[in-house]
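Below you'll find the structure, written out as C-alpha cells, and then a few comments.
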There are 2 protein chains.
Amino acid sequence: MKNNRFIAIVGCGRLGSHLANHLSRAGNSVVVIDMDESTFNDLSPDFSGFRVHGDATQMAVLKETKANKADVLIATTHEDNVNLMVAQVARRIFNVPHVLARVFDPKREAVYAQLGIDTICPTSVAAKMFLQAVANGTAEREGAQS
Amino acid sequence: MKNNRFIAIVGCGRLGSHLANHLSRAGNSVVVIDMDESTFNDLSPDFSGFRVHGDATQMAVLKETKANKADVLIATTHEDNVNLMVAQVARRIFNVPHVLARVFDPKREAVYAQLGIDTICPTSVAAKMFLQAVANGTAEREGAQS
C-alpha cells in the first residue's frame with residue numbers, strides 16, 4: 001500500500017494514539033482530533049502529524065482538520081454515538097473514501113455497514129479470543145493429565 | 001473440550017455478560033460477580049449460572065463465589081488494577097488452574113505472564129485490525145483504479 005495518505009483520526013486515547021503513531025511513522029500525513037488536549041501526551045516524540053483540540057462532532061472542527069480532504073478517517077472515541085456521527089459526516093458529506101469506526105455495541109454494526117463504514121468491535125473480538133483461550137487452556141490441561 | 005467446568009467471571013459488562021451467556025449455554029457452571037447489580041440484566045434469560053453482587057477484590061466475596069473451586073477464572077472488569085488483583089488471588093492463593101484477564105494497558109502484560117495469567121488486550125487487538133483494514137482498504141482502492 002502507499003504510505004503517503006492523509007489520515008484523520010478522531011479520538012487520541014490508547015487506540016487512537018497507537019494508530020496515529022504507527023501510521024505517522026509509516027509515512028502518512030496524520031491529523032488527530034480530541035476534546036482533551038492531555039491525550040496528545042500519548043503521541044510519540046517522532047509523531048509528525050497535526051493535533052487539533054476540539055469536538056469532532058462540530059462541523060467547524062472537522063473542517064479545521066481538513067477531514068474533507070482525508071483519504072481515510074478513523075473514529076476511535078469511547079462513544080458509539082460520536083463515532084457514528086463523525087463517520088457518517090465523513091462518509092456522506094465529505095465523501096471520504098475509506099471510513100472506519102470503533103463500535104462498542106455489536107448491535108449497531110448493521111447500521112454502519114449500511115452507511116458504507118467499516119467497523120471493528122473490540123468487545124466481540126476480545127470475547128472470541130477469550131472463548132478460544134478457555135477452550136485451548138482446557139484442552140491443554142486435559143492433554144497434560146492423560 | 002469438556003463443557004462441565006466451573007467458571008468464575010469477574011465483571012458483568014458487555015464482555016463479561018457475553019462470555020457468561022456463551023459459556024453457560026455451552027453447558028458449564030458459571031458464576032458472575034459484579035459490584036453493579038444492574039449489569040446482570042445483560043445476562044440472557046437462559047443463563048443458568050449464579051449471580052453474586054459484590055466487590056471481587058474482597059476475599060469474602062471471592063469465597064462466596066466459590067472462586068477457590070473454579071476450573072477457570074476470567075477477570076473482565078474495566079479496571080486493570082482490579083483484574084490484576086483478582087487474577088493474582090485466584091492463581092496464587094486459590095490455585096485456580098486457568099486464569100485469564102482483560103488488560104487495557106499493554107505494558108502490564110509482562111507482569112501477568114510472570115504470574116501465570118493469560119491476558120487479552122482488546123486495544124492491541126483492535127489496533128492490529130484497524131491497521132490491517134486501512135492497508136487492505138487502500139490496496140483494494142488502488143486495485144480498483146488500475
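Rule-based calculations on the coordinates, nothing more; no lab input. Everything numeric in this text was worked out from a predicted model, so none of it was measured. Counting neighbours? That spans all protein chains shown, and the Cβs are built from the backbone with ideal geometry, glycine included.
What to note about this one:
- When the listed pairs B:LYS66/B:LYS107; B:LYS107/B:LYS128; A:LYS128/B:LYS107; A:LYS69/B:LYS128 are checked against a 28 Å cut-off, the alpha-carbon distance exceeds it for B:LYS66/B:LYS107.
- Note on the protein assembly as shown: the alpha carbon radius of gyration divided by the globular reference 2.2 N^0.38 Å gives 1.11.
- Calculated from backbone phi, Karplus (6.51, -1.76, 1.60) coupling profile of region B:41-50 in Hz, x at Gly/Pro: 5, 7, 6, 6, x, 8, 5, 9, x, 9
- Bridge type composition, the protein assembly as shown - antiparallel percent by DSSP, nearest 5: 0 percent
- For B:ILE9, the residues whose amide H sits under 5 Å from its own are B:VAL31, B:VAL32, B:ILE33, B:ILE74, ignoring neighbours fewer than 5 places away on the same chain, with H placed 1.01 Å from N.
- Convex hull volume per residue for region B:3-91, taking Cα atoms only, in Å³: 74 Å³
- Cα pair distances exceeding 24 angstrom across region B:22-146, given as percent: 40 percent
- Fewest-first ranking of A:PHE104, B:PHE6, using other Cβ atoms within 10 Å as the exposure measure: A:PHE104, B:PHE6
- When shorter helices are ignored and each DSSP H run of at least 4 residues is given -39500 (n - 2.57), the per-residue value for chain A at 222 nm works out to -12000 deg cm²/dmol.
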